Amino acid sequence: MNRPLLIGPFTQLLPMTGLPLKGALKDEQLAVIENGGILVSEGKILKVGVFDELKSDDVDIHHIEGQQVCLPGFVDSHTHICFGGTRARDYAYRNAGKTYLEIAKAGGGIWDTVTQTRKASQEELVKGIVSRSKKHLKNGITTIEVKSGYGLSVDEELKMLRAIKRANKTTNASLVPTCLAAHMKPKDWSEDNDYLDTIINELFPIIKTENLANRVDAFVEESAFSPEEIKPYFQKAKEMGFDITVHADQFTTGGSQVAVDFDAVSADHLEASTEKEIRLLAKSNTIATALPGASIGLGCAYTPARKILDAGGALSIASDHNPGSAPMGDLLTQASILGTFEKLSNTEVLAGITSRAAAALRLSDRGKLEEGAQADFVVFPTDNYQEITYHQGQLKPHMVWKKGKHIH
Ligand code: NIG
Ligand code: FE
């Protein structure tokens, strides 16, 4: 066994431990270790504490120079970074005032990306995922959820999920795959129900056999699947042991009720959620995920994050990085901006992209710096953690460590 490595000292070390999963958080609750250090062995954290107290003759030391703030590697719990093509035309049309329907008629919308993704080879998709992951890694995101959903047939969904699995072996980031075969009704299927039946009976078993994902997602929305239509899909997914996550309440409500009914790990979007849905989610085990990148990309309202937290809900914040509604893909910028519009404390924003985001993916070994966790952490060149959200994504990480290795 290699000798443990002590990394530090950090002017401030934010372990993100000791915070409740649910409810509002004040900055007074945030643990800050001054002159902190992290002791790492075999890619995992042995100890976190004051640097000088962790020093011994038995450890090697990686000295950190200057003023630095260290926190857990960020977790992006909702992305669609596996895709082909671009939707710049949709963006221009939207900003010119064209409606959703007009854009769809002009050949835009999710179906456009389906067409472009189907044209891409598996190799091309792998390249795209790896290059987008690299950008994320540089910004301190060490774990990235990635959805399928631009294939919308058994073979094309498999192509996407296999590409995500292959990309996971190439990139230093950890990719968490999710099957989103119910992203919309494929335009080349005459019977909608047949499509979901085929997915349930043919795709789900292959996903299990090839171990391609353990999470299943659907877009519950008027333009996609109604709460009634999606039930058999989630029912079967649950029976087969998949975790459930839902694109819910983006434009119309209904999805969050489905999420709670199926005890989903997360309900994502929620821009249209009213008091009723907020109360429902707050009482449940389902984590609410805000996607400010989609609000910025579409010019829509933000998820009512303040109300969700005040009602006692758990809030994750993710980028939703996708070619249609959220092309920017910069999680820290988006989370910081959500903070300004929704009046979130630094602790709420930072928990939303670390500990609470990890919980939204049911990953208990990251999102916090504590004994036994993966040694994933990000280091910013400042002496005060408040500078991180203050610069709204423009203060870039000085270093990123993944599984105990300095990768950026
Ligand atoms: O999360 N809302 C549905 N799905 C994506 C958008 C995908 C797209 O427009 O390509 C989302 O925003
Ligand atoms: Fe999404």
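The values are calculated or read from the model by the stated rules, or taken from the named source; none is laboratory data. Predicted model only: the values in this text are computed from it and were never measured. With ideal geometry, Cβ positions are generated from the backbone for all residues, glycine too; neighbour counts draw on all protein chains shown.
Could you tell me whether any residue of the stretch 317-327 is in contact (Cβ under 8 Å) with a residue 12 or more places away in the chain and either more than 16 Å from ligand 2 (Cβ to nearest atom) or of a type in the set (Phe, Trp, Tyr) (or both)?
The first filter runs over the stretch 317-327 and keeps only residues in contact (Cβ under 8 Å) with a residue 12 or more places away in the chain, leaving 317-327.
Applying the additional criterion that residues be either more than 16 Å from ligand 2 (Cβ to nearest atom) or of a type in the set (Phe, Trp, Tyr) (or both) yields none.
No, the stretch 317-327 has no match at all.
Restricting to the stretch 7-46, give me the number of residues that are surrounded by 16 or more Cβ atoms within 10 Å (Cβ to Cβ), over 11 Å from residue 70 (Cβ atoms) and of a type in the set (Val, Ile, Thr).
Matching residues across the stretch 7-46 total 2.
Just the residues that are within 12 Å of ligand 1 (Cβ to nearest atom) and more than 16 Å from residue 76 (Cβ to Cβ), please, taken from the stretch 296-313.
Once the filter is applied, which keeps residues that are within 12 Å of ligand 1 (Cβ to nearest atom) and more than 16 Å from residue 76 (Cβ to Cβ), the stretch 296-313 yields 298, 300.
Can you tell me how many residues in the stretch 269-286 are away from ligand 2 (no atom under 14 Å from the Cβ) and touching a Gly at 6+ places or on another chain (Cβ under 8 Å)? Before you say what the answer is, go through the steps one by one.
The initial filter retains those residues of the stretch 269-286 that are away from ligand 2 (no atom under 14 Å from the Cβ), namely 272-286.
Now narrow it down to the ones that are touching a Gly at 6+ places or on another chain (Cβ under 8 Å): 278, 281-283.
Summing the residues that are away from ligand 2 (no atom under 14 Å from the Cβ) and touching a Gly at 6+ places or on another chain (Cβ under 8 Å) in the stretch 269-286 gives 4.
If I ask for residues that are in a strand (DSSP E or B) and away from ligand 2 (no atom under 15 Å from the Cβ), which ones from the stretch 168-187 would you list? Don't jump to the end; show me each part of the working.
Step one: list which residues in the stretch 168-187 are in a strand (DSSP E or B), which gives 174-182.
Selection gives 174, 175.
Would you point out the residue of the stretch 249-261, among those that are assigned to a helix (DSSP H, G or I) and under 19 Å from the mean Cα position of the chain (by Cα), that is nearest to ligand 2 (Cβ to nearest atom)?
Keep residues of the stretch 249-261 that are assigned to a helix (DSSP H, G or I), which gives 255-261.
Next, from what is left, pick out any that are under 19 Å from the mean Cα position of the chain (by Cα): 255-256, 259.
Working: 255: 12, 256: 15, 259: 14 Å.
Top of the filtered list is 255.
Picking from 67, 12, which residue would you name as being more than 16 Å from ligand 2 (Cβ to nearest atom), in contact with a strand residue (DSSP E or B) (Cβ under 6 Å, 6 or more places away or on another chain) and in a loop (DSSP other than H, G, I, E, B)? Working first, answer last.
Details: 12 fails: in a loop (DSSP other than H, G, I, E, B).
On inspection, the qualifying residue turns out to be 67.
Among the residues of the stretch 232-248, are any within 15 Å of ligand 2 (Cβ to nearest atom), outside any strand (DSSP E or B) and either within 20 Å of residue 146 (Cα to Cα) or touching a Ser or Thr at 6+ places or on another chain (Cβ under 9 Å) (or both)?
Taking every residue of the stretch 232-248 in turn, none turns out to be within 15 Å of ligand 2 (Cβ to nearest atom), outside any strand (DSSP E or B) and either within 20 Å of residue 146 (Cα to Cα) or touching a Ser or Thr at 6+ places or on another chain (Cβ under 9 Å) (or both).
So which helices (runs of 4 or more DSSP H) stay within the stretch 70-167 end to end and still have 3 or more residues that are surrounded by fewer than 15 Cβ atoms within 10 Å (Cβ to Cβ) and assigned by TED's automatic domain parsing to the domain that holds residue 33?
Values: elements: 88-95, 100-105, 110-119, 122-138.
Because the criterion is at least 3 residues that are surrounded by fewer than 15 Cβ atoms within 10 Å (Cβ to Cβ) and assigned by TED's automatic domain parsing to the domain that holds residue 33, no helices (runs of 4 or more DSSP H) in the stretch 70-167 meet it.
Kindly provide the set of residues from the stretch 279-294 that are without any contact (Cβ under 8 Å) to a residue 40 or more places away in the chain and either within 11 Å of ligand 1 (Cβ to nearest atom) or farther than 19 Å from residue 244 by Cα (or both), ordered by number. Please lay out each step first, then the result.
First, the residues of the stretch 279-294 that are without any contact (Cβ under 8 Å) to a residue 40 or more places away in the chain: 279-281, 283-286, 288.
Scanning the stretch 279-294 gives a single hit, 279.
Looking only at residues that are in a helix (DSSP H, G or I) and touching a Leu at 6+ places or on another chain (Cβ under 8 Å) in the stretch 201-229, which one is farthest from ligand 1 (Cβ to nearest atom)? It would help to see each step written out before you state the result.
The first filter runs over the stretch 201-229 and keeps only residues in a helix (DSSP H, G or I), leaving 201-209, 227-229.
Add one more test, that the residue is touching a Leu at 6+ places or on another chain (Cβ under 8 Å), and what stays is 203, 206-207, 229.
Values: 203: 19, 206: 23, 207: 20, 229: 16 Å.
The residue in question is 206.
Do we have any residue at all in the stretch 304-317 that's under 30 Å from residue 194 (Cβ atoms) and in the same structural domain as residue 183 (by TED's automatic domain parsing)? Lay out the reasoning, then the answer.
Residues of the stretch 304-317 that are under 30 Å from residue 194 (Cβ atoms), as a first pass: none.
No, the stretch 304-317 contains no residue that is under 30 Å from residue 194 (Cβ atoms) and in the same structural domain as residue 183 (by TED's automatic domain parsing).
Among the listed residues 284, 273, identify the single one that is more than 16 Å from the chain's Cα centre (by Cα) and crowded, with 24+ Cβ neighbours inside 10 Å. Reasoning before the result, please.
Working: 284 fails: crowded, with 24+ Cβ neighbours inside 10 Å.
After ruling out the rest, the residue left standing is 273.
Quick test for you: out of 354, 303, 347, pick the one residue that is closer than 24 Å to residue 220 by Cα, at pLDDT 95 or above and of a type in the set (Val, Ile, Thr). Write out each step before concluding.
Details: 354 fails: closer than 24 Å to residue 220 by Cα; 347 fails: closer than 24 Å to residue 220 by Cα.
None of the others qualify; the one that does is 303.
Among the residues of the stretch 188-197, is there at least one that is in contact with a Lys or Arg (Cβ under 9 Å, 6 or more places away or on another chain), outside any helix (DSSP H, G or I) and not acidic (Asp, Glu)?
no
Restricting attention to the stretch 301-314, which residues are crowded, with 24+ Cβ neighbours inside 10 Å and either within 12 Å of the chain's Cα centre (by Cα) or within 16 Å of ligand 2 (Cβ to nearest atom) (or both)?
Residue satisfying the conditions is 303 alone.
In the stretch 230-252, which residue that is surrounded by fewer than 19 Cβ atoms within 10 Å (Cβ to Cβ) and either on the phi > 0 side of the Ramachandran plot or of a type in the set (S, T, N, Q) (or both) is nearest to ligand 1 (Cβ to nearest atom)?
Among them, the one singled out is 252.
Identify all residues within the stretch 355-408 that are outside any loop (DSSP other than H, G, I, E, B), closer than 12 Å to residue 68 by Cβ and of a type in the set (D, E, K, R); write none if there are none.
387
Regarding residue 134, is this residue over 23 Å from the mean Cα position of the chain (by Cα) and away from ligand 1 (no atom under 16 Å from the Cβ)?
Against the criterion (over 23 Å from the mean Cα position of the chain (by Cα) and away from ligand 1 (no atom under 16 Å from the Cβ)), residue 134 does not qualify.
List the residue pairs whose Cβ atoms are under 8 Å apart, where the first residue sits in the stretch 67-94 and is at positive phi, the second is surrounded by 18 or more Cβ atoms within 10 Å (Cβ to Cβ), and the two are 6 or more positions apart or on different chains.
Sorted first by the residue in the stretch 67-94, then by its partner, the pairs are 85/112; 85/113; 85/117; 85/120; 85/323.
Return the only residue of 83, 10 being among the aromatic types (Phe, Trp, Tyr), touching a Ser or Thr at 6+ places or on another chain (Cβ under 8 Å) and within 27 Å of residue 359 (Cβ to Cβ). Talk me through it step by step, then tell me what you get.
On the way: 10 fails: touching a Ser or Thr at 6+ places or on another chain (Cβ under 8 Å).
Just a single option satisfies the conditions, and that option is 83.
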